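> Sharing a structure with you now.
Values in this text are rule-based calculations from the coordinates and carry no lab data. On a predicted model such as this, the values are computed, not experimentally measured, just so you know. As a convention, Cβ positions derive from the backbone with ideal geometry for all residues, glycine included, and neighbour counts pool all protein chains shown.
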Amino acid sequence: MNNVVGKTYKGFDQKLSIIVQILLKCRYSVWICDQNTYWLYYIFPTFWAAAIRGVKIFLVTVHSIDPKEKYRRWLLKQIGVEICVTNSLPFHGFLFDRDKDTRLALVSDKEEAVNSNLNYTEETGRVYSANFDAQVIHNFWNYLESWQKQVSSIEPKQLFFQTCSETEVFDKLRCVEQYKYAKFSLQIIDINNIMLLQRYIKEYKFLQINQMITNVYTSGRFALFEPLKLTFNDGTYSIITPPVLETKEEKLIVIEGNTRIFYCLKNGLSQIKVVVVDNVEEPLPGEPLSITDVSLTSLTLPLDSLIYKLDQQKFRKIEEKIHL
């Protein structure tokens, strides 16, 4: 965690990378002050891993009628997050482990939080540490004092993993526009014989995959990347989809799961379970490249830099359909 202390960030991806690094070490509590949780889809595995460890998580936010925001807040509640709704926010950021020597704060420089309609590359902020910025952190905690007095004691949620039938995953995938007439199969493949769409893999996603494999798959209970459900107290669940690959001219192209495939290449994990999609007539959203030509980055890059010859109209909205 020392490499993030006192660090400024520029861009959404650098911010997420720092949050993931801090949350991996966080042991007690997290307070979030933000007008929406647009960041949750990107780093949800880090949040449920923290909740499983017993970290108490609080969100101070404003009213929202956006269906996507409502779903994200539902996900947070399902893993035990307590949400406080107010009319205005004193700042936008994350506070970690109050009253501990390791306490930190990550705060945006902008007066209004960045949301999905703004340019993520423009967001800037800083990490404050107890060693160098104790008074600054104290001031941020004071802004939240009234909510801290109101919140109840959070009881840990019972979160557990179980296998998900391939039929349920396939039924969800058929809702993807380009997959209406496709054929699906769950296969074990050799990653050395595939191609990726992304030229760069995001650092924060790479860190999360390491955490997910350690927490979920290394016990041997589940095969690497087989379909799973993260199941909540009330029996509802969130599906963890295997990587999704399409066949094109006898080649396998990674559509969803670029980071997982790249992680496996770097860590000598050559045999994994994936969903293979056949009979897709729609052209790819970009030009694929060899997995050996892909590299890691912490920069916030526009999509047309991540994917060569990008065509956003041909994007497969896999995650959106899986979580309907």
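> Which angle from 0 to 90°, rounded to the nearest 10, does the C-alpha axis of helix 203-212 make with the longest principal axis of the chain?
80 degrees
> So for region 2-150, Kirkwood radius off the Cα pairs, Stokes-Einstein at 10 °C and 1.306 mPa s: how many µm² s⁻¹?
Values: Rh = 15.4 Å.
Taking Rh from Cα pairs, D becomes 103 µm²/s.
> Another question about this same structure. Would you please state the base-10 log of I(q)/I(0) at q = 0.17, 0.20, 0.25 1/Å for region 33-91, with intensities from the Debye formula using one equal scatterer on every alpha carbon?
Once normalised to I(0) and log-transformed, intensities are -0.53, -0.73, -1.10.
> Amide H of Y308: which non-local residues (sequence gap of 5 or more, or other chain) have their own amide H closer than 5 Å, using H built in the peptide plane?
Sorted by chain and number, the residues that satisfy this are R199, E287.
> How high is the relative contact order of region 160-322, in percent, counting Cα pairs under 8 Å that sit 6 or more residues apart?
37 percent
> A further question on this structure: Taking DSSP loops as anything outside H, G, I, E and B, show the longest stretch in the chain free of GluC sites (Glu not before Pro) there with at most 11 other beta carbons within 10 Å.
113-248
> Now for a different question. Against the globular-protein guess of 2.2 N^0.38 Å, express the Cα radius of gyration of region 140-263 as a ratio, rounded to two decimals.
Values: Rg = 18.9 Å, N = 124, 2.2 N^0.38 = 13.7 Å.
So region 140-263 has a normalised radius of gyration of 1.37.
> Moving to a separate point now. Mind checking the angle between helix 12-25 and the chain's longest principal axis? C-alpha axes, 0 to 90 degrees, to the nearest 10.
That works out to roughly 70 degrees.
> Principal axes first, then extents: for the Cα atoms of the chain, list largest minus smallest coordinate on each axis, whole Å, largest first.
Taking the Cα atoms of the chain, the three principal extents are 61, 40, 39 Å.
> In degrees between 0 and 90, to the nearest 10, how far off the longest principal axis of the chain does helix 130-143 point, with axes built from Cα atoms?
That helix lies at roughly 80 degrees to the long axis.
> How big is the convex hull of the Cα atoms of region 201-290, per residue, in Å³?
Expressed per residue, the convex hull around the Cα atoms of region 201-290 is 139 Å³.
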